[in-house]
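S.K.: Quick one: this structure, given as C-alpha cells, is what I'll be asking you about.
The values are calculated or read from the model by the stated rules, or taken from the named source; none is laboratory data. Model, not experiment: these values are computed from the prediction. With ideal geometry, Cβ positions are generated from the backbone for all residues, glycine too; neighbour counts draw on all protein chains shown. For accessibility, only protein heavy atoms count, side chains too; no ligands or nucleic acids. Shrake-Rupley method; radii C 1.70, N 1.55, O 1.52, S 1.80 Å.
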Amino acid sequence: MDKLIIEGGQPLTGDVTISGAKNATLPMLAATLLTDERCVIRNVPRVTDVMTMLKILRMLDVKASLEHHEVIVEAGRSKKHVAPYRLVSTMRASVCVLGPLLAKTGKARVSLPGGCVIGPRPIDLHLKGLAALGAKLSMEHGDVIAEAKRLKGARIYLGGAFGSSVLATVNVMMAATLAEGQTIIENAACEPEVVDLANCLVKMGAKIRGQKTHVIEVEGVKRLQGVDYTVIPDRIEAGTLMIAAAMTGGDVTLQHTRYEDLGAVIDRLTAAGVGVEERNGSVRVRGTRTIRSVDATTLPYPGFPTDLQAQMMALMTVSDGLSVITEKVYPERFMHIAELNRMGAAIMLEGASAIIKGVPRLSGAPVMASDLRASAALVLAGLVAKKRTDISRVYHLDRGYERLEEKLERLGVRIRREREE
Ligand code: EPU
C-alpha cells in the first residue's frame, strides 16, 4: 500500500491538464457490450476503477486493451453474462453492465453490490427500470439474475427518495437502446456524464432524445455499431484542483476543462471570494487572501455535486467564519470529518449537515483515507497545513484520480508517494 506525504504551505501556480471523466468512461465501457463491433474510447483516465471495468469485460470474454489513454474493445458474439462478486464488490459501478448484458444476450447475472463507506447504495431503481422493460428478475446467492428474450419499451418513472439516479438512468437507457419500441425515462439524471454516454450511444446508432433533460426518450433499434468516441474532461478532478488553487491562494489554469459543467462549483467559489475565469477551453482560478465562509448543499446536477462535498468542506475549514454544508445525495457521506478534525479543523455534524468553523491554519498529521473523495479532501487539507501530513491508504485516491500527486507536484507542491511499511 502507498501513502502520500505532503509538506504544506506553497501556493499552487501554473497549468494543469484535466484527465477524462471516470464516471463517463465506466458506463461507456459497459456500453461497448451492446455491439459486436470494435469500439475505440479515447481520453480514458488511467485510474483503478477503469482497470476494474476492463477486468470485468475480459471476464465476459470481451477483447479489451488500454494503451496510453485509449481503450479498444471488441465484445464480438460473446454470450457470457456473469459479473462475479469478486469484482463487483470492489466497485459498485460494475452494476452498469447489467442493462447492456441483458439487452444484448438476453440474460445477465450480476452480483448485488453491498453498502459502502459513503452509506447505503441500493439498486432498486435499476431493477425497477429493467422490470418495466419486461425483464424477469430473480435473486440467487447474492446475485441478481435478469432475463428477457427481447426487452420492450415502456414509460418509466425513475425517481427515488434522493431524486434521480445516475447509474440507474444509465442502465435503463443502455438497455432501452435495443428494446422493441419507445422508452420514456422520467426523472432521469442529467449529469454531464449521462449526456456524454447518450452522445456515445447515438454515435453507435441509438435513437435517444432529451439527454440533457429529466425526460429521456429512447426509440429501440435492432443493432448498434462500433464507435470511436472521446470522453469529456472530468469535472470532479477539475473541481478538486480548482479548490486546491483557491485554498492555497494560488493561480492555476486548468486546461481541457468544461466551464459549463462546473456552474454550481464556480458559484460557490466566487461567493467565497475566489476568482474564476473562462478562457477558451480552459479555466483560470485565482485564490484570495481571505476565504469567505459560504454554505453549500449537494444535489443532483446542476446542483452542487456530492463528489465535491468533502473537498468544499476542506476549503471551508480555513474560511473566515461559519459555514454549513448539507448532503442531500448521500446523507452519510461524512467519513472525512473526523480526519479533518485531527488536522485542527472545527467541524460538527448535525444530521446530514456539517457545521464548519473556519480556523486560521490546519496542522499536519498522519491521517487515513476512507473513500475516494474523502481522500481528496485530506490531500487539500495537507496543502495548507503547517508541517507534514501523511495520508495512508492512497489506493482510494487512485480509484478516481490519475496520478494526482504528479499534477500537484508540477504546480509547486512538495508531495511524494512512498510505500507504506
Ligand atoms: N439510489 C437509490 N436507489 C437506486 C439507486 C440510487 O435509492 O437504485 C439513491 C442512492 O442511494 C443515493 C442517490 O439515489 O442516495 C443517488 O445515487 P446515484 O444512483 O445517482 O449514484 P450512482 O449512480 O450509484 C454515481 C457516481 C458517484 C456519484 C453519484 C451521485 C459513477 C460511477 N458513480 O453513482 O460517484 O457520487 O452518481 O452523483 O458514476 C465518485 O465518483 O466518487 C462517486 C461515488
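S.K.: Which percent of the accessible area of region 264-421 is formed by carbon and sulfur heavy atoms (probe 1.4 angstrom)? Can you show the working numbers first?
M.R.: On the way: 3320 of 6720 Å².
Within region 264-421, the accessible surface is 49 percent carbon and sulfur.
S.K.: Treating only the Cβ of Lys, Arg, Asp and Glu as charged (+1, +1, -1, -1), what charge dipole size does region 22-230 show about its Cα centre? Round to the nearest 20 debye. Display every interim value, and only then the final one.
M.R.: Details: 28 positive and 19 negative charges, 96 e Å.
About 460 debye.
S.K.: Using a 1.4 angstrom probe with every protein chain in place, what is the largest-first accessible-area order of 107, 203, 387? Intermediate results must be reported in sequence, preceding the final value.
M.R.: Working: 107 75, 203 110, 387 160 Å².
Ranking 107, 203, 387 by accessible area, largest first, yields 387, 203, 107.
S.K.: Return the FRET efficiency for the residue pair residue 320, residue 46: r is the Cβ-Cβ distance, R0 is 51 Å, and the value is rounded to the nearest 0.05.
M.R.: The pair residue 320/residue 46 has a calculated efficiency of 0.85.
S.K.: Which order do 241, 322, 167 take when ranked by solvent-accessible area (1.4 Å probe, heavy atoms of all protein chains), largest first?
M.R.: Values: 241 5, 322 115, 167 40 Å².
So the residues, ranked largest to smallest area, are 322, 167, 241.
S.K.: For the pair residue 80 and residue 357, how long in nm is the line joining their label points, each one 7 Å along Cα→Cβ?
M.R.: 5.7 nm
S.K.: Hey, another quick one. To the nearest 500 deg cm²/dmol, what mean residue ellipticity at 222 nm is calculated for the chain from DSSP H runs of n ≥ 4 alone, each contributing -39,500 (n - 2.57), summed and divided by the residues?
M.R.: On the way: 14 runs with 128 residues, N = 421.
Estimated from H runs of four or more residues: -8500 deg cm²/dmol.
S.K.: So which GluC sites (Glu not before Pro) in region 332-418 pass both tests, a DSSP loop state and at most 16 other Cβ atoms within 10 Å of the Cβ? Intermediate values should be presented prior to the final figure.
M.R.: On the way: sites: 332, 339, 350, 402, 405, 406, 409, 418; in loops: 332, 402.
Hits after loop and neighbour filter: 332.
S.K.: Sticking with this structure for a sec: Roughly speaking, what is the centre-to-centre gap between region 326-374 and region 281-306 when only Cα atoms are used, to the nearest Å?
M.R.: 17 Å
S.K.: Moving on to the next point. Of the listed pairs 3/328; 63/212; 80/136; 152/203; 328/407, which have alpha-carbon separations greater than 20 Å here?
M.R.: On the way: 3/328 31 Å; 63/212 32 Å; 80/136 18 Å; 152/203 22 Å; 328/407 31 Å.
Exceeds cut-off: 3/328; 63/212; 152/203; 328/407.
S.K.: Here's a follow-up. In square angstrom, rounded to the nearest 10, how much accessible surface does residue 388 have for a 1.4 Å probe?
M.R.: Rounded to the nearest 10, that gives 100 Å².
S.K.: Carbon and sulfur atoms: what percent of the 1.4 Å accessible area of region 137-202 do they account for?
M.R.: Values: 1260 of 2410 Å².
For region 137-202, the apolar C and S fraction of the accessible surface comes to 52 percent.
S.K.: Restricting to the chain, what percent of DSSP beta bridges are antiparallel, rounded to 5?
M.R.: Restricted to the chain, the bridges split so that about 75 percent are antiparallel.
S.K.: If you don't mind, there's one more thing I want to ask. Compare 249, 364, 160 in a GNM of the chain, Cα atoms joined below 10 Å, and give the one with the largest fluctuation.
M.R.: Sorting by GNM fluctuation, first place goes to 160.
S.K.: Still on this structure, please answer the following. Which ³J(HN,Hα) values in Hz, rounded to whole numbers, follow from the phi angles of region 189-206 under the Karplus curve 6.51 cos²θ - 1.76 cosθ + 1.60, where θ = phi - 60° and Gly and Pro get x?
M.R.: Couplings: 6, 10, 4, x, 5, 5, 5, 5, 4, 4, 4, 5, 4, 4, 5, 7, x, 6 Hz.
S.K.: If R₀ is 35 angstrom, what is the calculated FRET efficiency for the pair residue 292 and residue 186, using the beta carbon separation as r and rounding to 0.05? Intermediate results must be reported in sequence, preceding the final value.
M.R.: Details: r = 39 Å, r/R0 = 1.12.
Efficiency, rounded to the nearest 0.05: 0.35.
S.K.: Here is a further query. Hey, got a sec? Which trypsin sites (Lys or Arg not before Pro) in region 262-350 land in a DSSP loop and have at most 13 other Cβ atoms within 10 Å? Write down the numbers at each step before the final one.
M.R.: On the way: sites: 268, 279, 284, 286, 289, 292, 328, 333, 342; in loops: 289, 292, 328, 333.
Here the trypsin sites (Lys or Arg not before Pro) that fit, given the DSSP loop and packing criteria, are 289.
S.K.: Quick one: which residues, 5 or more positions from residue 293 or on another chain, have an amide H under 5 Å from its amide H? H modelled 1.01 Å from N in the peptide plane, none for Pro or chain starts.
M.R.: Residues meeting the criterion, in which the H sits 1.01 Å from N, are 320, 321.
S.K.: On a C-alpha basis, how far is the centre of region 1-72 from the centre of region 121-167 in Å? Whole number, if you could?
M.R.: Centre-to-centre (Cα) distance: 26 Å.
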